[in-house]
Amino acid sequence: MTFRLFKEMRDAGLLGMNRRNAEYIMRCNARAKFPLVDNKVLTKQLARQYGVPTPELYHVIAYHGDIDSLEDALGDHREFVLKPACGSGGSGIVLIADRGPEGFVRQSGGTISRMDFAYHISTILSGVYSLAGQEDVAIVEALIHPAPIFAEITYRGVPDIRIIVYRGVPVMAMTRLPTRASDGKANLHSGAIGAGIDIGKGVTLAAVHRSEVITHHPDTGNPVEGVVIPYWDSLLLTAAKSFEMTGLGYIGIDIIIDVDRGPLLLELNARPGLQIQVANESGLLKRLEAVDQVPPELFLKAEDRVTWAKKAFAGSGE
């Protein structure tokens, strides 16, 4: 039984965690470059250098004594996102849609008191959500209003698009769609769904929800397949350029599409998860091996890498 399961996984080209860590993350990603993607403040600075737009940064809270001055620092901004600079997996993020006399109004509904909100910031600063459990800083940035194309397959919150990039080549993509269970967050571990995207066409495929393949959004009831992602060629090009921007050979890039500003880089991840394979019903390993078969001189330009990927990974991509 174990042997048959292993053979089925191997034949499907599924990439396992141990192999991902040893053969791709450790081999392709220099540890010295990890801070560029692990710290969202540094990522924003890097993106600015390369002309890649990101959500506007309103404020950085570095010390506990700065918490009380947050509302003064916000000025007229009534809606915003609070997140740990070195957090992962969506942990510690709070989406605020308004400020009222009772406290801060969450985008998903309900109100968090100012006292509880201040306490939450203090837990961020203490490193509760940071990757290494070390002291962190809290960042406050603009709340995104997603493009209307996602309205029927999103429960509140802001969907994002994850693209896996290997040697500068976009090899697999999905959109992560908030649900009631995920509290409006585009985080699969919190209950969001991930819909695979055809690299060649930029159209959504079936989706995965808590490791189960589904065809309809659990809250809206609408089909998730067949949605055309706007700005698709631009998204792929931004993903491809992340190789030159970071120097990392295996990376996940998360992009959101704002109704007014268009595509914005949300964050970069040097250890992207593997559920994207379930969402695409396709293994990563065969695609990574296909990239390795191409002579490096054909991949010198980001545009060439995108053109190759769209042809190589259209449809099943196998």
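The values are calculated or read from the model by the stated rules, or taken from the named source; none is laboratory data. Remember, predicted model here, so these are calculated numbers, not experimental data. Here Cβ is always computed from backbone atoms with ideal geometry, including for glycine, and neighbour counts include all displayed protein chains.
Looking only at segment 50-67, residues that are among the aromatic types (Phe, Trp, Tyr) and surrounded by 15 or more Cβ atoms within 10 Å (Cβ to Cβ) come to 1 in all. Is it true that some residue in segment 241-253 is assigned by TED's automatic domain parsing to the domain that holds Val165, on the phi > 0 side of the Ramachandran plot and not in a strand (DSSP E or B)? Yes.
Residues are listed down the side, and each one gets a yes or a no for (1) touching a Phe, Trp or Tyr at 6+ places or on another chain (Cβ under 9 Å); (2) under 27 Å from Met245 (Cβ atoms):
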{"site": "Val128", "(1), (2)": "no, no"}
{"site": "Pro148", "(1), (2)": "no, no"}
{"site": "Val165", "(1), (2)": "yes, yes"}
{"site": "His189", "(1), (2)": "no, yes"}
{"site": "Ile193", "(1), (2)": "no, no"}
{"site": "Lys201", "(1), (2)": "yes, yes"}
{"site": "Ala207", "(1), (2)": "no, no"}
{"site": "Val213", "(1), (2)": "no, no"}
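This table checks each residue for (1) at pLDDT below 95; (2) under 15 Å from the mean Cα position of the chain (by Cα); (3) in a loop (DSSP other than H, G, I, E, B).
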position	(1), (2), (3)
Tyr58	no, no, no
Ser69	yes, no, no
Ala73	yes, no, no
Ser91	yes, yes, yes
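Tally up the residues in segment 206-219 that are over 18 Å from Gly273 (Cα atoms) and crowded, with 23+ Cβ neighbours inside 10 Å, please. The qualifying residues number 0. Looking at segment 128-138, which of its residues are surrounded by 14 or more Cβ atoms within 10 Å (Cβ to Cβ) and within 18 Å of Val37 (Cβ to Cβ)? Across segment 128-138, the qualifying residues are Tyr129, Ser130, Leu131, Asp136, Val137.
Within segment 220-255, restricting attention to residues that are in contact with an Asp or Glu (Cβ under 8 Å, 6 or more places away or on another chain) and surrounded by fewer than 22 Cβ atoms within 10 Å (Cβ to Cβ), which residue is farthest from Ala302 (Cα to Cα)? Among those that are in contact with an Asp or Glu (Cβ under 8 Å, 6 or more places away or on another chain) and surrounded by fewer than 22 Cβ atoms within 10 Å (Cβ to Cβ), it is Thr220.
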